[in-house]
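Data block below; observations after.
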Amino acid sequence: MTPGDPRQDRYSRQIRYQPIGQAGQQRLVDACVTIVGCGALGSFQAGALARAGIGHLRIIDRDYVEWSNLQRQWLFDESDAGDSLPKAAAAARKISAINSLVEVEPLVCDLTSSNAEEVLAGADLLLDGTDNFDTRFLLNDWAVREGVPWIYGAAVGSYGLTMSMIPGVTACLQCVYPEPPAGAQPTCETVGVLGPITSLIASLQVAEAMKILCGAAPSAVMTTVDVWSGAIRQIARPERDPQCPACALGQFKYLNRHDRSPVSLCGRNAVQIHETARPLNLKELALRLAPLGEVRANEFALRFEDPPFQLMVFPDGRVIVRGTQDIGVARSVYARYLGG
Ligand SMILES: [Zn+2]
């Protein structure tokens, strides 16, 4: 950035912070960061990184804004929930109002092994805003293979944790957790979640991202916080596992897996059905479904009510069937209206 560039003033307080300086700010402006999941963590990360002047932000999210999100998902407002806007699209709209210098690329899709290569390509750093280990292991496989740093983060109830994963330098997710945790895990739907823990963890993730992008060393600890008890713990980062399938042996089973089945969204009374290579024309579908029940559609999604079920249909062929946790019932509701 040359003197006189309007960005000099906008980012002046950050540039004045010596460990960033002109050189660090230029690296932030030149960076491409991908946020995987734009819920409580991801929406905070997106807003904070846009303000910090990250040049290119890619936001991947498969869901749409609901009223129950507004308590903790900072970027969204009542009109986003009222219009059931996809989170990625709503976030992009907000970011362009916060900082129009940032190039935003919203991707309304589910990150899977089939599209990981395409949607993650070109990222200098990934931020974890997901709510499930399936996606985190996939993200870890890609990041390790490509040598791209990523920042793990999770929050539920009043508790959260974060750790930086730098391929070739630190332990990777599979060094820490050889297998995804078994059994039912507490989720934001089952045990609730407080807004402050999500923004705190997301803030720590953003600070780590800025450090790494500026060329500074990542934090050497895993940080855990409970905002209700006030306990903050910092644990030495686990060592790398010399037998780790991902970062030691180069076996990327999550990336190479192509058997994705319908995903039950646990605790949400909803099932997601993902039919690949079956793009849908939402306009045509809206006309077809209109005589059968209430339909609301925009360019990003179509919502169809058939009590006790509700279908949320996306242009890539993905459907979320609400009102059941039974995959068979969801498939039958899907087939009833969409065929297949
Ligand atoms: Zn590893």
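The values are calculated or read from the model by the stated rules, or taken from the named source; none is laboratory data. The structure displayed is predicted, hence computed values, not measured ones. Heads up, the Cβs are rebuilt from the backbone with ideal geometry, glycines too, and the neighbour counts pull from every protein chain shown. Please note that ligands, DNA and RNA were not included when accessible areas were found on the heavy atoms of the full protein model with its side chains. Shrake-Rupley method; radii C 1.70, N 1.55, O 1.52, S 1.80 Å.
Number of residues in region 291-309 that are surrounded by 18 or more Cβ atoms within 10 Å (Cβ to Cβ) and out of contact with any helix residue (DSSP H, G or I) (no Cβ under 7 Å at 6 or more places or on another chain): the value is 2. Screening 79, 96 for residues that are under 21 Å from the mean Cα position of the chain (by Cα), closer than 22 Å to residue 299 by Cβ and open to solvent by 20 Å² or more (accessible area, probe 1.4 Å) leaves exactly one candidate, 96.
Candidates 27, 13, 7: the one that is at pLDDT below 95 and of a type outside the set (S, T, N, Q) is 7. Scanning region 171-220 for residues that are among the acidic types (Asp, Glu) and at pLDDT 95 or above returns a single hit, 208. Within region 320-340, if we keep just the residues that are surrounded by 18 or more Cβ atoms within 10 Å (Cβ to Cβ) and part of a helix (DSSP H, G or I), the residue that is modelled with the lowest pLDDT turns out to be 338. Tell me, which residue of region 209-228 that is free of Cβ contacts under 8 Å to residues at least 60 places away in the same chain, surrounded by fewer than 17 Cβ atoms within 10 Å (Cβ to Cβ) and among the small types (Gly, Ala, Ser) is nearest to residue 48 (Cα to Cα)? Among residues in region 209-228 that are free of Cβ contacts under 8 Å to residues at least 60 places away in the same chain, surrounded by fewer than 17 Cβ atoms within 10 Å (Cβ to Cβ) and among the small types (Gly, Ala, Ser), the one nearest to residue 48 (Cα to Cα) is 217. Scanning region 10-45 for residues that are assigned to a helix (DSSP H, G or I), out of contact with any Gly (no Cβ under 8 Å at 6 or more places or on another chain) and farther than 22 Å from residue 159 by Cβ returns 12, 13, 16, 21, 22, 23, 26. Among the residues of region 297-315, some residue qualifies, meaning at least one is farther than 21 Å from residue 111 by Cα and touching a residue at least 60 places away in the same chain (Cβ under 8 Å). Cβ-Cβ contacts under 7 Å between residues 6 or more apart (or on different chains), taken from a first residue in region 108-123 that is farther than 22 Å from residue 166 by Cα to a second residue that is among the small types (Gly, Ala, Ser) and at pLDDT 90 or above, are listed as 108/88; 108/89.
A single member of 174, 243, 251 is within 13 Å of the ligand (Cβ to nearest atom), out of contact with any Ser or Thr (no Cβ under 9 Å at 6 or more places or on another chain) and touching a residue at least 12 places away in the same chain (Cβ under 8 Å), and it is 174.
If you go through region 279-322 and keep only what is among the β-branched types (Val, Ile, Thr) and touching a Cys at 6+ places or on another chain (Cβ under 7 Å), you end up with nothing.
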